[in-house]
Amino acid sequence: MTAICLFLESILIMRNFSFILLFVLAGFIAVAQPQKVSADKIVAVVGDKIILKSDIDNNLLDMQRQGMEIPANGRCLVVEQALGIKALVLQAEKDSLPVGDEEVEAEIDNRIRYYISQYGSKDELERIAGKTIYQLKEDMREGIRDQKLAQAMRNKIVGDVRITPTEVKNYFNKIPADSLALYESEVEIGEIALFPKASRDAEEYCKEQLTTYKQQIESGKKDFCSVASLYSQDPGSKDNCGRYEVNRNSKEMDPVWMAKAFSLKDGQISSPFKTRFGYHIIQMISRAGDDAVVRHILLSPQVTSFEMKAGSEKLDSVRAKLITGNLQFGEAVSKYSDDDASKYTGGMKQGPNGNFMTIDQLDKDLVAMLKDLRVGHYSQPTPFADERGRKGIRIVYLKTRTEPHRENLKDDYDRIATRALEEKKNESLEAWFGKKIPTYYLMIDKEYSSCEEMQKWIAAMNAKK
């Protein structure tokens, strides 16, 4: 279930202002999908922040596009959410909380790239939205800035909230026994992955191949699309003629690759160049400002058994230090792992429930390695291939393994503590709103005066009259 689905499910059972925590974390704002909107009117005001009918309509349309069933009080819920966000933004501005333009622009670019991937191309996105990419970005800017400010304000409100073991126990004891979750067998598993480097001869061979492809394409003997489809080792683009639609400010693409792409003129093909993924040639198809359409071919130098053996011996030495306690797992990940993502998680694999993963969430080779691995132990260095087909060697660490069970404090303390902490933060947030609402100028359209969800807002508004 997506974060948005969890959000909707939760707001139906929560009261007061508890929705705001989930709203901000989910990042669910009115620009979730580009829309054409009807005539506007102001339906609510918080301080100098207005909420338009089109904001509410768009949110409801977004939910429907996600396949969600809108509850009978859906419009009331969305207005209440919008009021909460605007109040957080208002206070964030008063407190001068920093949200940089670069941060907002990066989020806008991420959203646009997501929409393009969903609709297939920039042209199709513009056709469906009835707006240019530039216009869509302008429409998003205020909403994304509000989201960032609301998140910053929420963090300031609840940033110092902590929880004690006694509070965790009390929280757990309030859960009815027949409501306790049932968990499958789960593992916490980490790995140190090493990807041996190919020999210089293998690298030279890749460059020679790419040079040949470049010459054949430029001479007209072959076309870029067919060469990319046949020979490129990038699984993300080879079935699409090596094509990517990119933005110059993207943080997701390799910076060397991006710099080379934006140094090209329309139709030009680069000379072979190296990134951490291997060797590439890029062709610039078209460019409009910071947006571009390119094609590329990737060749990764082949790693031989000689390099694999040397890598295995290196990890065998690392494993020996781990077993004797002369090296901690997190330290080993930081020093030796070639998996950049793992350095942010201490080498622990991540799933929907954080470190806890069910067997079906692991790759089949990893499952086979766990068969004879005991909790707290480290596997022998074992060859594997990652999702891009790169050959590597890894040591696997089995931190914990649980049997299927009903939730309890012994096995699931961390998860329970996380929920208890979020509840406590939510209570702090509600208390903050209880103090702040009466201090704001409020206007709520009469259409929503009967909404149960907004009675505190309406009571505060009437108290000022």
Look through the range 285-309, keep the residues that are surrounded by 13 or more Cβ atoms within 10 Å (Cβ to Cβ) and of a type in the set (Gly, Ala, Ser), and return whichever of them is modelled with the highest pLDDT.
ALA292
Over the range 419-465, the set of residues at pLDDT 90 or above and small (Gly, Ala, Ser) is ALA420, SER428, ALA431
Within the range 263-320, count every residue that is touching a helix residue (DSSP H, G or I) at 6+ places or on another chain (Cβ under 6 Å) and either of a type in the set (D, E, K, R) or farther than 30 Å from SER379 by Cα (or both).
13
Residue satisfying all of: in the range 227-284; touching a Cys at 6+ places or on another chain (Cβ under 7 Å) and under 25 Å from ALA202 (Cβ atoms); modelled with the lowest pLDDT among these
GLY278
Do the conditions hold for GLU186, that is, is it in the same structural domain as PHE329 (by TED's automatic domain parsing), crowded, with 20+ Cβ neighbours inside 10 Å and farther than 22 Å from GLU387 by Cα?
yes
Pull up the range 343-355, narrow it to residues that are at pLDDT 90 or above and under 12 Å from VAL187 (Cβ atoms), then point me to the one that is surrounded by the fewest Cβ atoms within 10 Å (Cβ to Cβ).
MET348
Name the single residue that is surrounded by the fewest Cβ atoms within 10 Å (Cβ to Cβ) among those in the range 316-342 being part of a loop (DSSP other than H, G, I, E, B) and of a type in the set (Asp, Glu).
ASP339
Pick from the range 361-385, criterion more than 25 Å from SER317 (Cα to Cα) and either modelled with pLDDT of 90 or more or not acidic (Asp, Glu) (or both), ranking: surrounded by the most Cβ atoms within 10 Å (Cβ to Cβ):
LEU362
Do you know which of the residues in the range 254-275 that are among the hydrophobic types (A, V, I, L, M, F, W, C) and either more than 32 Å from the chain's Cα centre (by Cα) or in a strand (DSSP E or B) (or both) is farthest from VAL227 (Cα to Cα)?
PHE273
Would you list the strands (runs of 3 or more DSSP E) that sit entirely within the range 364-465 and hold 3 or more residues that are more than 30 Å from LEU299 (Cα to Cα) and either among the aliphatic types (A, V, I, L, M) or in contact with a strand residue (DSSP E or B) (Cβ under 9 Å, 6 or more places away or on another chain) (or both)?
391-401, 442-444
Taking the range 231-248, which residues are touching a strand residue (DSSP E or B) at 6+ places or on another chain (Cβ under 7 Å) and either of a type outside the set (D, E, K, R) or under 11 Å from HIS280 (Cα atoms) (or both)?
TYR231, SER232, GLN233, ASP234, SER237, CYS241, GLY242, TYR244, VAL246, ASN247
In the range 250-273, how many residues are surrounded by fewer than 14 Cβ atoms within 10 Å (Cβ to Cβ), in contact (Cβ under 8 Å) with a residue 24 or more places away in the chain and more than 21 Å from ALA341 (Cβ to Cβ)?
1
Please pick out the residue among ALA152, ALA202, ALA193, ALA177 that is touching a Lys or Arg at 6+ places or on another chain (Cβ under 8 Å), at negative phi and either aliphatic (A, V, I, L, M) or touching a residue at least 60 places away in the same chain (Cβ under 8 Å) (or both).
ALA193
Can you name the residue in the range 111-122 that is out of contact with any Leu (no Cβ under 9 Å at 6 or more places or on another chain) and in contact (Cβ under 8 Å) with a residue 60 or more places away in the chain and is also farthest from GLN147 (Cα to Cα) among such residues?
SER121
The range 318-347 - residue that is closer than 18 Å to LYS197 by Cβ and not charged (D, E, K, R) and, of those, farthest from the chain's Cα centre (by Cα)
VAL318
Of the listed residues (GLY159, GLY120), the one being among the small types (Gly, Ala, Ser), at pLDDT below 85 and in the same structural domain as SER96 (by TED's automatic domain parsing) is GLY120
Looking for something touching a Leu at 6+ places or on another chain (Cβ under 9 Å), among the acidic types (Asp, Glu) and touching a residue at least 12 places away in the same chain (Cβ under 8 Å) - is there at least one such residue anywhere in the range 123-130?
no
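The values are calculated or read from the model by the stated rules, or taken from the named source; none is laboratory data. Quantities reported herein were computed from a predicted structural model and do not represent experimental measurements. Because the Cβ atoms are built from the backbone with ideal geometry, glycine has one as well, and the counts that use them run over all protein chains shown.
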